[in-house]
Each structure stands twice: as C-alpha cells, then as structure tokens.
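Data block below; observations after.
The values are calculated or read from the model by the stated rules, or taken from the named source; none is laboratory data. In this text, all values refer to a predicted model and were calculated from it rather than measured experimentally. We place every Cβ from the backbone using ideal geometry, glycine too, and count neighbours over all the protein chains shown.
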Amino acid sequence: MRIKSLASGLCIFADLGVFARNESAKIQVAFRAKTPRSAKTRSQATTLTRGQIIRLFAFSLLTASVLMAYPRSSNNRLTQDIPKDTLITLERTVCYGTCPSYKITIEANGAVTFEGRQFVKTVGSAKSTIPQQRLRELLAIFEKIGYFDLRDRYNEPEDGCKQWATDNPSAITSIRINGKSKSVTHYYGCRGIEVLAELKKLEQAIDDAVDSAQWIR
C-alpha cells in the first residue's frame, strides 16, 4: 500500500513538473515580446499575463497540497529512527483498595514485558510485541508534552500540587533514549497542575499501546 501510494505521488510530481516547465516557458515568451502598439494589444497582453499568474498560483496551491499529503521526515530527536538504547516503562502502584499494580517495559525493538503484581489477572511475567510505528507514536507523545522538562515527581504540595488527597495510586513513567534518561512519579492524589492531564494521557497511551487490559481484567 505504501509503495503504491508513493508511486502515485511520484506520478503527480512528474505531472506538476511538466506543467511548471510549460508555464515558465509561456511567461518567458510573454515578457520577451515587444511593447504592444495599441490599447487592444496591451489589454490582450495584460490578460494573458494575469492568466499565467493565476495558473501558476493554482500550481503552487496544488504542490503545497501534495506535499502535505505525504509525511515529511522529522528532525525531532525523539521521533527519528528509534535508537537501540530506547526503553519505556510504566509502573502502577496499589492504592487504598484494589487498584491494579503492575509494570510495563517496552524495548527499542518493540518487545513488551508485563510484570503483574497485585489485583491483576496475570500475576508474574507476560510477553508480547508492538509495531515500530506504535513505538514512534509513543515517543512523539513524550516529546509533545516536554517530558524531559517535567518535574521528577508530582507527589506532595511541595511539588506544586494545588489540591492533594490521600489513598490514591501512583503512575511512574520513564524513558531512556540516546543515552539520556528521565523518570516521573505521578501520584493521582496530586491535582490542580495543568500538565498532569497530559501526563495522564501519556500513561494511558502506554497502556493502550501494549493492550495491558489483556493481562489486567
């Protein structure tokens, strides 16, 4: 499917190239023409030039739309080819109740390890894999929320929590990539910080990427 789409895109670019060369040649001829001798001729020359400009403008819009349709390579340090040392983890702790406790580890090759601890269907270790594209999507979320710029923990009022409650579970995420590591502890009783909503989405995205529900419920 990707090869077929790429071939289609190349055909479109080839057609656009021919169109651009033809329009460029027409404009060069128009500008090399001698100054019109009559008002009628001037009007015709002006109309021709405007028509060419309109066609070139349409060509520019078409080119832009084609470029937007095909993803560009990213210079983003987290979403380029996945470094071999990449490692993502999500750990959920117990609460005052029956909150499931487990740890998920995702390696650079897509290998997934689930370690069930308490209040889960699978106690012990389970293995699976995820596609590289799904791993890239997770890395993009880390980048989007500025993970490396977050606090190391959101546990206590001293960590900026505007509201605080007891007996909640924690989610501990971490990432290692290109030799750089970061871990964030997120206690769910810590509230009132805007970034925590995005952090919670990241935590859920890790769960969803590996389909952790298969081992929990």
> Quick one: in region 172-193, which of the residues that are assigned to a loop (DSSP other than H, G, I, E, B) and among the small types (G, A, S) is nearest to the chain's Cα centre (by Cα)?
Replying inline: G179
> Does G110 satisfy being modelled with pLDDT of 95 or more, in the same structural domain as V184 (by TED's automatic domain parsing), of a type outside the set (S, T, Y) and farther than 28 Å from T166 by Cβ?
Replying inline: yes
> For region 150-191, what are the residues that are loosely packed, with under 12 Cβ neighbours inside 10 Å and touching a Gly at 6+ places or on another chain (Cβ under 8 Å)?
Replying inline: K162, Q163, A165, T166, D167
> If we scan region 149-168, do we find a residue that is under 25 Å from W215 (Cβ atoms) and among the charged types (D, E, K, R)?
Replying inline: yes
>> So for region 107-123 (the condition being polar (S, T, N, Q), under 19 Å from T86 (Cβ atoms) and in contact (Cβ under 8 Å) with a residue 24 or more places away in the chain), does at least one residue qualify?
In response: no
> Mind checking which pairs have a first residue in region 165-187 that is free of Cβ contacts under 8 Å to residues at least 12 places away in the same chain and a second that is part of a strand (DSSP E or B), Cβ under 8 Å, 6 or more apart or different chains?
Replying inline: S181/S174; S181/I175
